[in-house]
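Only one structure is covered here, and it is reproduced in the block below.
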Amino acid sequence: MSDEPSIEPPVAPPAADPPQAELKNNVPAIIAVCAGLVSCVPALGVVAVGFGVMGLVRARDPRVTPGTRPIAAFGVILGVLGVFWSAMLTGAAMDYYYRRQYAPAIDAQAQFLRLLGSGQINAARGMTDDALDEVLLTEAFAEFERHGALIDLNNNYGGKMHHRADVEVNSELKFERATRLFTGHWTVEPATPQLKAFTFKDAPATRPSP
């Protein structure tokens, strides 16, 4: 036997772990939250909801940074609240504009009907344009008298604002012997509203939609 020492083969170093793929950011979730924070603007609320849903789907991807699902959900919530809030603001603004344009015609018609019902035809004539002459107003006053005394006036019985040159106002007139509907068409473009046309007929059994 040889006295030479045995030489062990070199041990190979352990294999290095494979490089891990870099995690991606959930960009839709971030956009959803940013848009949701300013979602009082109507379009941005919809954007927040859309990107939030995209973020929720993207959060399931294992290649995306974990923990982004709550961020996406928060963006959706902000977007939904923003849509409702912007809808309320838009409705309030439209209602304010409508009432601001419509109210002068309502007030003017109430004054006109009181003047006409009391026989002050010349004063009522001053609230109309040239299309309505004194003869037509005299006939309307005679129509008033045929139904007896005016008991009640519902001057906000409905109507429609076609445009500033044609605001329709319906007034329910309750006389002693009948209930009639007076529909006036007003123009509110000048400083003082003017009546340009009207109809006087039986009131319907059901109230018309305003």
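Per-structure values
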read-out: Residue in the range 8-25 that is within 16 Å of Pro70 (Cβ to Cβ) and either at pLDDT 60 or above or surrounded by fewer than 16 Cβ atoms within 10 Å (Cβ to Cβ) (or both) present; value: yes
read-out: Unique residue being under 18 Å from Leu195 (Cβ atoms) and among the aliphatic types (A, V, I, L, M) when the list is Leu173, Leu78, Leu89; value: Leu173
read-out: Scan of the range 105-119 for residues that are within 13 Å of Gln194 (Cβ to Cβ) and of a type in the set (Gly, Ala, Ser), ordered by number; value: Ala105, Ala108
read-out: Strands (runs of 3 or more DSSP E) lying entirely in the range 105-210 (those with 2 or more residues that are modelled with pLDDT of 85 or more and either in contact with a Gly (Cβ under 6 Å, 6 or more places away or on another chain) or under 30 Å from Asp95 (Cα atoms) (or both)); value: 166-175, 179-187, 194-202
read-out: From the options Thr128, Thr138, Thr187, residue that is in contact with a Pro (Cβ under 9 Å, 6 or more places away or on another chain) and either without any contact (Cβ under 8 Å) to a residue 12 or more places away in the chain or among the hydroxyl-bearing types (Ser, Thr, Tyr) (or both); value: Thr187
read-out: Residue selected from the range 66-106 under the condition in contact (Cβ under 8 Å) with a residue 60 or more places away in the chain and not β-branched (Val, Ile, Thr), by the criterion surrounded by the fewest Cβ atoms within 10 Å (Cβ to Cβ); value: Tyr98
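The values are calculated or read from the model by the stated rules, or taken from the named source; none is laboratory data. The shown structure was predicted, so the numbers you read here are calculated from the model rather than taken from an experiment. Every residue, glycine as well, gets a Cβ built from its backbone with ideal geometry; the counts of neighbours run over all protein chains shown.
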